[in-house]
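Below is one structure, written out as structure tokens; comments come after it.
The values are calculated or read from the model by the stated rules, or taken from the named source; none is laboratory data. Worth saying up front: this structure is predicted, and the values here are computed from it rather than measured. Here the Cβ positions follow ideal geometry from the backbone for every residue, glycine too, while neighbour counts run over all protein chains shown.
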Amino acid sequence: MPVRQLASVDGSISPTAEALIPVADDGLLRGDGVFEMVRLYAGRPYALAEHLDRLERSASAIELGFDRGAVEREIESLLAEFEGDAALRIVLTRGGRRLLLTEELPEHPPAIRVATVTYGPSVILTGAKSISYAANMQATRMAADRGADEAILVRPDGIVLEAPTSAVFWSPGDGALRTPSIAAGILESITRARIVEVLDVEEGEFPAEDLRGAEEAFLASTTREVQPISAIDGRELSGAPGPRSAKQAAEALRRAVERELA
């Protein structure tokens, strides 16, 4: 069933196709703003408080005003009669706009092929979920040019970071599960945190060679949940599509969602 695509602009709700913001908003002209993506299960937002906490941190990082009370009230109004599984995008722009949009969940295949792409993160924006995502999207296109579906960002010194919109986990085949630490320069992913809380995960700064030698690997994010990786830089993973680690992570995430939304 198609998702009702609705938009709230500073509390004014309309079909998304009819929503307007001033073209001179620096959120549009300069990518100056922050955002969050929240998963809706049967119209109910999952981990909303944590997403708003991160939005507040991101806004503070770029000195952007954030009226949390107004955003919370506008979310409640937008979702009052909304049903179904979908995504809720929250955007704050430098022009002072508060934007909420309900969106179709992106379609993801059962498993995904990835390619490593060298990426130099901005120290100023590290940890902030900025709407300046051009570099992330270009990394995905670069990976696609090499026959992959998605990129894995790797620092110039060879340390694994994350995918453009997801955290990455992998198992070297000895029962361990690894993921880059926040200190490596990645976003504080809420889905990543849920998995780390309930599974035995080693966090650290790992070289790309460690990832490339993985037996199993998967991506994790709000919209994709848990998605197994079938190949890294053209090498097929012997444990694909991740029958152990990905299945455990998906089950852990499912239980977390059920507990919160029960």
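When segment 37-49 is limited to residues that are of a type outside the set (A, V, I, L, M, F, W, C) and either within 17 Å of R98 (Cβ to Cβ) or under 17 Å from the mean Cα position of the chain (by Cα) (or both), the one that is surrounded by the fewest Cβ atoms within 10 Å (Cβ to Cβ) turns out to be Y41. In segment 168-186, the qualifying residues are those that are surrounded by fewer than 19 Cβ atoms within 10 Å (Cβ to Cβ) and assigned to a loop (DSSP other than H, G, I, E, B), and the one that is modelled with the highest pLDDT is S181. Scanning segment 17-39 for residues that are under 23 Å from T223 (Cα atoms) and without any contact (Cβ under 8 Å) to a residue 40 or more places away in the chain yields one hit, A17. Counted as qualifying within segment 50-167 are the strands (runs of 3 or more DSSP E) with 3 or more residues that are surrounded by 16 or more Cβ atoms within 10 Å (Cβ to Cβ) and over 17 Å from the mean Cα position of the chain (by Cα), namely 112-118.
Among the residues making up segment 4-36, a single one is touching a Leu at 6+ places or on another chain (Cβ under 9 Å), under 26 Å from T191 (Cα atoms) and surrounded by fewer than 17 Cβ atoms within 10 Å (Cβ to Cβ): Q5. Taking each residue of segment 179-204 that is closer than 23 Å to V257 by Cα and looking for partners that are among the acidic types (D, E) and buried (at least 20 other Cβ atoms within 10 Å of the Cβ) with beta-carbon atoms closer than 7 Å, six or more apart or interchain, yields L187/E162. The numbered conditions (1) touching a Phe, Trp or Tyr at 6+ places or on another chain (Cβ under 9 Å); (2) closer than 28 Å to S60 by Cα are all true for R97 except (1). Would you check if S14 is outside any loop (DSSP other than H, G, I, E, B), among the hydroxyl-bearing types (S, T, Y) and in contact (Cβ under 8 Å) with a residue 40 or more places away in the chain? In short, no. Per the conditions (1) surrounded by fewer than 19 Cβ atoms within 10 Å (Cβ to Cβ); (2) farther than 22 Å from A139 by Cα, the sole criterion not satisfied by S245 is (1).
Mind checking whether some residue in segment 229-239 is exposed (fewer than 14 other Cβ atoms within 10 Å of the Cβ), out of contact with any Gly (no Cβ under 9 Å at 6 or more places or on another chain) and either over 21 Å from P121 (Cα atoms) or not basic (K, R) (or both)?
So far as segment 229-239 goes, yes, one or more of its residues are exposed (fewer than 14 other Cβ atoms within 10 Å of the Cβ), out of contact with any Gly (no Cβ under 9 Å at 6 or more places or on another chain) and either over 21 Å from P121 (Cα atoms) or not basic (K, R) (or both).
Pairing residues of segment 135-147 that are touching a residue at least 24 places away in the same chain (Cβ under 8 Å) and at positive phi with residues that are among the basic types (K, R) and surrounded by 15 or more Cβ atoms within 10 Å (Cβ to Cβ), at Cβ distances under 9 Å and at least 6 apart in sequence or on separate chains, gives G147/R113.
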